[in-house]
Amino acid sequence: MMLFIRECKKIFHSLTFIIYFAAVILMFFTQFWPAMDEPVTSSTIDSYELAKISGEPETIMPKALDSLTGCYFSNTYRCYPYGLFKAVHLNSRDNDKIRDCITEMSSLNADELEELKAASSISHVKVGTNELESYNVKGVPLSEDITYERFREIMGEVDDILGGGSDYRPDDLAYKFSQEPMTHEEILEQYDEFMEKDHIAIAYGRLFSDYLGIILAVIPVFVAAALVTADKRTKMNELIYSRRISSFRLVFTRFAALVLTMVIPVLLCGAIASARIMYMYKGSTPDIAGAFEVSGKWLLPDIMLAAAMGMFISELFSAGMAILVQFAAWFMCMMMTSMPLYGHIGRFTFICRHNSLFYRSEFMKHYSDFIFSRIFYTAAALAAVLLTVFVYELKRGGKFNGIMFFGKDSIFRHKT
Amino acid sequence: MNKMIEIKNVNKFYGRKQALYDINLTIEKGMFGLLGRNGAGKTTLMKTIAALHQKKSGSITVCGAPIERAGEIRAMTGYLPQDFSMYPSMKTDEALEYLGALSGMKAADLRERVTDILHKVNLTEQRSKKVAQLSGGMKRRLGIAQALIHDPQVLIVDEPTAGLDPEERIRFRNLLCEVAEDRIVILSTHIVGDVEATCEQIAIMDEGKILWQGTVSQLINNAIGHVYTANVERRFMPQLKKEYIVTGMITQAEYTTVRIVSDSEPDLPNAVLTEPDLEAAYMYCLHSSGCGIKGDEE
């Protein structure tokens, strides 16, 4: 216990922990706090502009075909490869392939398409700093023979031609082309779920976890890497290597200290949010415990895995490599996140997303996957800690010095 | 318990480069000096005994426990590396408590032990100071304190006096002698004066080999008849240094009184045999073992 307390104190006094603490607080107040400006009531819920995705092929196909035809006419396609906007302009060969896709999905041939282009008006759409030319196309007739399955296949080919991340990615078609506002009755149903099933606080707990999960999937690696490399940096490693303590106990004590200390600012934010919820919903009984439960299940595996990977990669390579690897993994996870930003939960989703106080049913639809992913990443974290124990034991016995890419011990340096 | 370290036929390699050659040593209770030039292999041997390095072949037992049982070795050994520091933001007593906890000490015992050990190394007044605020000598004493915190049977100190001023060095040597009363203390150094002041048993290492092992007086006896003093005109000094091992010089006006180690009587008009000191005996040992030292070099 004494060692655990000492390790916690060491972490508290480190600069990286202070930065971590500040980052969590900043994320909380800049992203989550505005959601608590005013309480959700049956009269204010309309302002949340809740939408539903019908996912009906009859809605998706004509809208998607109109959109694609307009882009084909201007040869300007909006894409978001890795989440970053890119206006794609195809060469004539590839644009002809798009034309072939359109003619297969519609009942128009190439000449008729040209006539439609001539008859369509042009507008300019501003996307960020880019101004894109856009043809306003409506009512491109669908081929009578086309099925929705074949339509999705062709749109998949279109997305491939465009290099991925386009509006026509088959999995995004429903979100992009079948979104419509909820009716008043549907909005009230959402409100009932918010009040009766989520007991207010659980909905806030999910939103809280959504925002904090973004940074907790990556920044704990900085704190972990700093802790692991502090021994070497301060020339303390041989003093520690020569002690009686087992590598297993030392590494797990440090891991536990890392997780506990990094949970503290999250708990603090949770406590502030809880107080605010209690204040906003005076007279109601928000399920604060339920909110902490969902946030704990959601965020603890994130912190554990990021900390464990930070320890393992720092021990195996270096702190810089740990940060690089975790940041790359985080970036990939973020880029793989598709729209909409609610119910984005799969069996192996590391960064779960549910960026709304509502759509509880969407979240619950994936709840078993959510629990699976949390158990999976907790197990992965423990496995990474065990690997850290193994590497640490090798290092302290002089059997392994870590893998270096630079300096005198670089693996690229010829050894004599 | 068998308070002895036995090293038999130990060889160690760094990659393809051999660092220790067939080392055989027996170290008993008290101060043991391991003397050698920088790069002689002393640190490698120290780390191997402390279970921080792997040997290629041979055997080492520490108080009856083979070195392969690293946990046991670490429990009974205190180690002070040559180049060490501690978390600068920790206070002196906190650093000791932390390292004591890593040695498996109970919290209740540790507080008392830290107070005792700080008193022993004369750092009681610095117990609330941060490690970063300690002087070089204080840090070295703190180093000894951390190595002794768990009351080990074996203390291994590697070049502990390097960079200390004379007063701190004497204080440090006395401290080592005190703690060696009831345990094995291995002092590795290239400073002959440290060994002379503290050790009875010594070994001399060079290029990964043990050149000589015995008592300080035996080493000095070996050099009797090979150490001379002579008065030499200053202008002949460069030539003299090329031909002989010069272990001391006192310059007075035109003449320099030199102390020379030589196999035979030097070809100098006023050379007289003199009593060897440990420094000269050490140089004679290196010279007679065929090690390349000043005087042998062309």
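The values are calculated or read from the model by the stated rules, or taken from the named source; none is laboratory data. Since the model is a prediction, treat every value here as computed from it, not as a measurement. Please note: Cβ atoms are built from the backbone with ideal geometry, for glycine as well, and neighbour counts cover all protein chains shown.
All conditions in (1) under 16 Å from the mean Cα position of the chain (by Cα); (2) buried (at least 22 other Cβ atoms within 10 Å of the Cβ) hold for B:Gln146, with the sole exception of (1).
Count, please, the residues in the range B:156-168 that happen to be of a type outside the set (A, V, I, L, M, F, W, C), more than 14 Å from B:Lys139 (Cβ to Cβ) and surrounded by 20 or more Cβ atoms within 10 Å (Cβ to Cβ). Matching residues across the range B:156-168 total 1.
In this entry, B:Arg113 is excluded by the filter for residues that are closer than 21 Å to A:Lys395 by Cβ and more than 9 Å from chain A (Cβ to nearest Cβ). Does A:Phe73 qualify as being within 28 Å of the chain's Cα centre (by Cα) and either within 30 Å of A:Val259 (Cα to Cα) or modelled with pLDDT of 90 or more (or both)? No. Considering the range A:180-209 alone, what residues qualify as being in contact with a helix residue (DSSP H, G or I) (Cβ under 7 Å, 6 or more places away or on another chain) and in a strand (DSSP E or B)? Hits for the range A:180-209: nothing passes. A residue that is in contact (Cβ under 8 Å) with a residue 40 or more places away in the chain, part of a strand (DSSP E or B) and crowded, with 20+ Cβ neighbours inside 10 Å can be found somewhere in the range B:56-73. Checked against the criterion of being among the hydrophobic types (A, V, I, L, M, F, W, C), at pLDDT below 90 and surrounded by 13 or more Cβ atoms within 10 Å (Cβ to Cβ), the candidates B:Ala223, B:Ala253 yield just one match: B:Ala223.
Figure legend. Inter-residue proximity from the range A:225-238: first residues surrounded by fewer than 18 Cβ atoms within 10 Å (Cβ to Cβ), second residues among the acidic types (Asp, Glu), beta-carbon distance below 7 Å, spacing 6+ or different chains. Indicated pairs: A:Lys235/B:Asp83.
Evaluate the following for A:Asp94: is it of a type in the set (Asp, Glu), closer than 30 Å to A:Met332 by Cβ and in the same structural domain as A:Leu116 (by TED's automatic domain parsing)? Yes: the conditions hold for A:Asp94. So which of A:Phe252, A:Phe348, A:Phe312 ends up being in a helix (DSSP H, G or I), of a type outside the set (Val, Ile, Thr) and surrounded by fewer than 22 Cβ atoms within 10 Å (Cβ to Cβ)? A:Phe252 is the lone residue from the list that is in a helix (DSSP H, G or I), of a type outside the set (Val, Ile, Thr) and surrounded by fewer than 22 Cβ atoms within 10 Å (Cβ to Cβ).
Each residue in the range B:77-100 was checked for being in a strand (DSSP E or B), more than 19 Å from B:Ser135 (Cα to Cα) and more than 7 Å from chain A (Cβ to nearest Cβ), and 1 pass. Within the range B:223-247, being within 23 Å of B:Val192 (Cα to Cα) and touching a helix residue (DSSP H, G or I) at 6+ places or on another chain (Cβ under 8 Å) holds for B:Ala223, B:His226, B:Val227, B:Ile245, B:Val246, B:Thr247. Among the residues of the range A:163-179, none qualifies, meaning not one is farther than 30 Å from A:Met311 by Cβ, among the aliphatic types (A, V, I, L, M) and part of a strand (DSSP E or B).
Can B:Val195 be described as surrounded by 18 or more Cβ atoms within 10 Å (Cβ to Cβ) and not assigned by TED's automatic domain parsing to the domain that holds B:Lys42? No, not satisfied.
When residues in the range B:142-181 are screened for being of a type outside the set (A, V, I, L, M, F, W, C) and modelled with pLDDT of 90 or more, 7 of them pass. For the range B:206-228, check the following and say yes or no: at least one residue is in contact with a strand residue (DSSP E or B) (Cβ under 7 Å, 6 or more places away or on another chain), free of Cβ contacts under 8 Å to residues at least 60 places away in the same chain and of a type in the set (Asp, Glu). Scanning the range B:206-228, I find no residue that is in contact with a strand residue (DSSP E or B) (Cβ under 7 Å, 6 or more places away or on another chain), free of Cβ contacts under 8 Å to residues at least 60 places away in the same chain and of a type in the set (Asp, Glu), so the answer is no.
Of the residues making up the range B:1-52, those that are touching a residue at least 60 places away in the same chain (Cβ under 8 Å), aliphatic (A, V, I, L, M) and away from every other protein chain (no Cβ under 14 Å) are B:Met1, B:Met4, B:Ile5, B:Ile23, B:Leu25, B:Ile27, B:Met31, B:Leu34, B:Leu35, B:Ala40. Counting only residues that are assigned to a loop (DSSP other than H, G, I, E, B) and over 27 Å from A:Tyr168 (Cα atoms), the range A:351-398 holds 3 of them.
Looking only at residues in the range B:60-76 that are more than 23 Å from A:Asn401 (Cα to Cα) and more than 10 Å from chain A (Cβ to nearest Cβ), the one that is nearest to the chain's Cα centre (by Cα) is B:Val62.
On the stretch given as the range A:221-250, residues that are under 36 Å from the mean Cα position of the chain (by Cα) and of a type in the set (Asp, Glu) total 1. Looking across the range B:101-110, the residues that are at the interface with another protein chain (Cβ under 9 Å from one of its Cβ atoms) and either without any contact (Cβ under 8 Å) to a residue 40 or more places away in the chain or not aliphatic (A, V, I, L, M) (or both) come down to B:Ala101, B:Leu102, B:Ser103, B:Gly104, B:Lys106, B:Ala107, B:Leu110. In the condition set (1) more than 22 Å from B:Gly30 (Cβ to Cβ); (2) within 13 Å of chain A (Cβ to nearest Cβ), B:Asn122 is compliant with all but (2). The strands (runs of 3 or more DSSP E) located wholly in the range B:183-298 that include 2 or more residues which are of a type in the set (Ser, Thr, Tyr) occupy B:184-189, B:227-233, B:245-252, B:255-261. Quick check: anything in the range B:132-145 in contact (Cβ under 8 Å) with a residue 12 or more places away in the chain, at the interface with chain A (Cβ under 9 Å from one of its Cβ atoms) and not in a loop (DSSP other than H, G, I, E, B)? Yes, the range B:132-145 contains at least one residue that is in contact (Cβ under 8 Å) with a residue 12 or more places away in the chain, at the interface with chain A (Cβ under 9 Å from one of its Cβ atoms) and not in a loop (DSSP other than H, G, I, E, B).
Listed by position, the helices (runs of 4 or more DSSP H) contained in the range A:1-116 that have at least 2 residues being free of Cβ contacts under 8 Å to residues at least 40 places away in the same chain and either within 14 Å of chain B (Cβ to nearest Cβ) or among the acidic types (Asp, Glu) (or both) are A:2-12, A:92-105.
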